[in-house]
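Below you'll find the structure, written out as structure tokens, and then a few comments.
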Amino acid sequence: MKEDLKRINGLYVTLLLTLYACAVIVQLEAASETKTCFQKKSPCFLKKQTCPNQCPSFSPPNGSSKACVVDCFNPICKATCRNRKPNCNGRGSACLDPRFIGGDGIVFYFHGKRDEHFALVSDTDLQVNARFIGLRPSGRSRDFTWIQSLGLIFGPNNKTFTLEAQKAAKWDHQVDHLRLSFQGKEILLPKGDSSIWTPPGSYIKIERTSDMNSVLVTLPDIAEIWVNVVPVTKEDDTIHKYGRPENDCFAHLEVQFRFLRLSPNVEGVLGRTYREDFQNPAKPGVAMPVVGGEDKYRTSSLLETSCNACVYSRGSRSSDKIEPLSLNQNTVDCTGGSSSGIGIFCRK
């Protein structure tokens, strides 16, 4: 009799735990945001993707380290989690002085020239230019450079957006060093994690990913850009012998791009690495593989779309007519050692 009661009690407890677990799962799924892919040429067309429980929101609340991401051109058609700041060891990143990781997963350096502008991406309906700052210590044959600002031209009406790291003599973590403008007018984005600004028409969305100095720029159906402002520290200066002056900390940008579509003819310092026919000249095994192209990608200003290799067509081409590239944009995990992925060296 006692054994029968124990067995019944055990079954009852198991049933309660199962019901409780099911209720929790239902609540979590209900709290998770979803997105349906409407790009006609996407392998996920009309498929709804639900954010994982680990990152249930596309715009998570203050303090969350990860956000939900949906890639409509990923054949898996499954939402994933990603960090809310640039991953400098991930594809599509541009950090340090400046160190790029292309769409092909290969690390390369493009030094450009200080106080000049270069096209990072030039496509039919998107142009991303960068202004480089830097210095040349005595005895060096080239400049040390960093990306100080980005200029975006996009969409059928050639909308413009700029983002820059403001010059500072000394770095102060309590100061917002970001300056933003849309269509030539400065954007006043309130400080605070998850603060959002978007203009009428929703051409672009700017979202803070920390209280200050970090934002996510979203161009709907075109690209997402994670940006972080950092200084050249005294430690950096000592290690790399930059010769940084006392009156300038060379505040600059760490950037990571995630493209939602690109045409087969995309160009630019970074854009060309997404082309299926691109042969990266970066030499494998070299500590600092420098890739040229200054003459091909130099522009006269931050919002100029003309360069010797630029293909921007003033947004006149319909996105429906663009045959998108197959974009494999998985980020790189450098936790397993110094070398992770093809051509990627995770420590400088």
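The values are calculated or read from the model by the stated rules, or taken from the named source; none is laboratory data. No experiment lies behind these values; they were computed from the predicted model shown. Cβ: placed from backbone, ideal geometry, glycine included. Neighbour counts: every protein chain shown.
Numerical summary
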item: Yes/no for residue 184 being modelled with pLDDT under 95, in contact with a strand residue (DSSP E or B) (Cβ under 8 Å, 6 or more places away or on another chain) and surrounded by fewer than 13 Cβ atoms within 10 Å (Cβ to Cβ); result: no
item: Residue check, residue 132 under 19 Å from residue 267 (Cβ atoms), crowded, with 22+ Cβ neighbours inside 10 Å and among the aromatic types (Phe, Trp, Tyr); result: yes
item: Candidate set: region 43-102, residues that are polar (S, T, N, Q) and in contact with a helix residue (DSSP H, G or I) (Cβ under 7 Å, 6 or more places away or on another chain); chosen: the one surrounded by the most Cβ atoms within 10 Å (Cβ to Cβ); result: 50
item: Residue selected from region 205-223 under the condition closer than 15 Å to residue 259 by Cβ and free of Cβ contacts under 8 Å to residues at least 60 places away in the same chain, by the criterion surrounded by the fewest Cβ atoms within 10 Å (Cβ to Cβ); result: 220
item: From the options 21, 94, residue that is outside any loop (DSSP other than H, G, I, E, B), modelled with pLDDT under 90 and either under 25 Å from residue 206 (Cβ atoms) or not assigned by TED's automatic domain parsing to the domain that holds residue 231 (or both); result: 21
item: Condition met for residue 139 (assigned to a loop (DSSP other than H, G, I, E, B), under 14 Å from the mean Cα position of the chain (by Cα) and not assigned by TED's automatic domain parsing to the domain that holds residue 66); result: no
item: Close pairs from region 155-179: first in the same structural domain as residue 215 (by TED's automatic domain parsing) and surrounded by 17 or more Cβ atoms within 10 Å (Cβ to Cβ), partner hydroxyl-bearing (Ser, Thr, Tyr) and not in a loop (DSSP other than H, G, I, E, B), Cβ under 6 Å, at least 6 apart; result: 162/181; 164/149
item: Test: residue in region 197-209 that is in contact with a strand residue (DSSP E or B) (Cβ under 7 Å, 6 or more places away or on another chain) and among the basic types (Lys, Arg); result: yes
item: Selection within region 211-256 - on the phi < 0 side of the Ramachandran plot and among the basic types (Lys, Arg); result: 234, 244
item: From the options 35, 40, 66, 48, residue that is modelled with pLDDT under 90, farther than 20 Å from residue 259 by Cβ, of a type in the set (Lys, Arg) and not assigned by TED's automatic domain parsing to the domain that holds residue 259; result: 66
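Per-residue answers, yes or no, for (1) outside any strand (DSSP E or B); (2) charged (D, E, K, R); (3) touching a Pro at 6+ places or on another chain (Cβ under 9 Å):
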| position | (1), (2), (3) |
| --- | --- |
| 72 | yes, no, yes |
| 77 | yes, no, yes |
| 85 | yes, yes, no |
| 90 | yes, no, no |
| 103 | yes, no, no |
| 111 | yes, no, yes |
| 119 | no, no, no |
| 129 | no, no, no |
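Let's see how each residue does on (1) without any contact (Cβ under 8 Å) to a residue 40 or more places away in the chain; (2) closer than 29 Å to residue 290 by Cβ; (3) of a type in the set (Phe, Trp, Tyr):
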position	(1), (2), (3)
55	yes, no, no
73	no, no, yes
79	no, no, no
86	no, yes, no
93	no, yes, no
104	no, yes, no
114	yes, yes, no
137	no, yes, no
142	yes, yes, no
